[in-house]
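Participant: Before I ask anything, let me first share the structure, which is written out below as structure tokens.
All of the numbers you see were taken from the coordinates with simple rules; none came from a lab. Since the structure is predicted, the reported quantities are computational estimates derived from the model, not experimental observations. Cβ atoms come from the backbone with ideal geometry, glycine included; neighbour counts cover every protein chain shown.
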Amino acid sequence: MVKFKSTTRLPSIDSSVVLTQTDTTVGFISQDKVKLYEIKSRNPSKPFIKVYSNFSEFSSHGNRVPKSKKNLVRRSKKTTFIIKNRAFRIAQSHLNSQVIRDLKWSYSTSANESSKRFDREFCEDKADIIVEDKDGLCESSSSTLLKINYVKQVRIR
């Protein structure tokens with residue numbers, strides 16, 4: 001089920017904030033990080049995770065992974081990586097939604113107010129588009145967070 005606030009058939013997905021079940025938990029995704037900062041009332045110095053639809057899309061944006069860590073990144077599930085202070089995740093959408101499949105990359109954050117639990121009413125009020133399947137939206141654990149470089153990897157979360 002997809003709900004829109006707009007009266008037009010399909011608003012521009014590039015500037016919309018989408019509330020959806022991500023590969024880990026309920027999240028806001030958008031290509032407009034300014035809107036996400038406003039919704040979350042978040043400090044602009046704290047960056048968002050950038051989620052790519054596949055590894056080749058990640059590479060086409062000029063990103064690089066140490067050769068010794070490529071297989072780790074390609075095969076990872078529910079894992080966020082930090083390389084040179086940039087956080088990213090490779091995650092295909094499991095939802096059968098054309099709105100989500102058309103996004104090659106997006107900024108992602110948990111669907112809640114900063115430092116608070118998931119509140120459906122708050123999230124529905126802030127989102128431009130809501131994508132939900134038959135299982136609904138449910139809060140679950142966040143992704144594993146690994147900081148990697150050429151030599152080592154450190155688990156942060």
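Participant: For the chain, give me the percentage of DSSP beta bridges that are antiparallel, rounded to the nearest 5 percent.
Facilitator: 70
Participant: Just to verify a number: FRET efficiency for Gln153 and Ser60, C-beta to C-beta distance, R0 = 35 Å, to 0.05?
Facilitator: With R0 = 35 Å, the Cβ-Cβ based efficiency is 0.90.
Participant: In whole Hz, with x marking every Gly and Pro, tabulate ³J(HN,Hα) for the range 140-154 from phi via Karplus 6.51 cos²θ - 1.76 cosθ + 1.60, θ = phi - 60°.
Facilitator: 9, 5, 7, 6, 6, 10, 10, 9, 10, 8, 5, 9, 9, 9, 10
Participant: With runs of 4+ DSSP H residues as the only contributors, calculate the mean residue ellipticity of the chain at 222 nm using -39,500 (n - 2.57) per run, divided by the residue total and rounded to the nearest 500.
Facilitator: Per the formula, -4500 deg cm²/dmol.
Participant: Okay, next question. Taking the Cβ of Ala87 as the centre, find all other residues whose Cβ is under 10 Å away and add up their charges (Lys, Arg: +1; Asp, Glu: -1).
Facilitator: Net local charge, Ala87 excluded: +4.
Participant: For Leu145, list long-range residues whose amide hydrogen, built 1.01 Å from N in the peptide plane, is under 5 Å from its own amide hydrogen.
Facilitator: Thr80, Ile156, Arg157
Participant: Determine which lysines satisfy two conditions relative to Lys67: a Cα distance under 29 Å, and not lying fewer than 8 residues away in the same chain.
Facilitator: Lys46, Lys50, Lys77, Lys78, Lys84, Lys104, Lys147, Lys152
Participant: Kindly write out, for the range 59-74 in residue order, the coupling ³J(HN,Hα) from the Karplus curve 6.51 cos²θ - 1.76 cosθ + 1.60 (θ = phi - 60°), rounded to whole Hz, with x marking Gly and Pro.
Facilitator: 3J(HN,Hα) across the range 59-74, in whole Hz: 5, 5, 8, x, 7, 10, 10, x, 3, 6, 10, 4, 5, 4, 5, 4.
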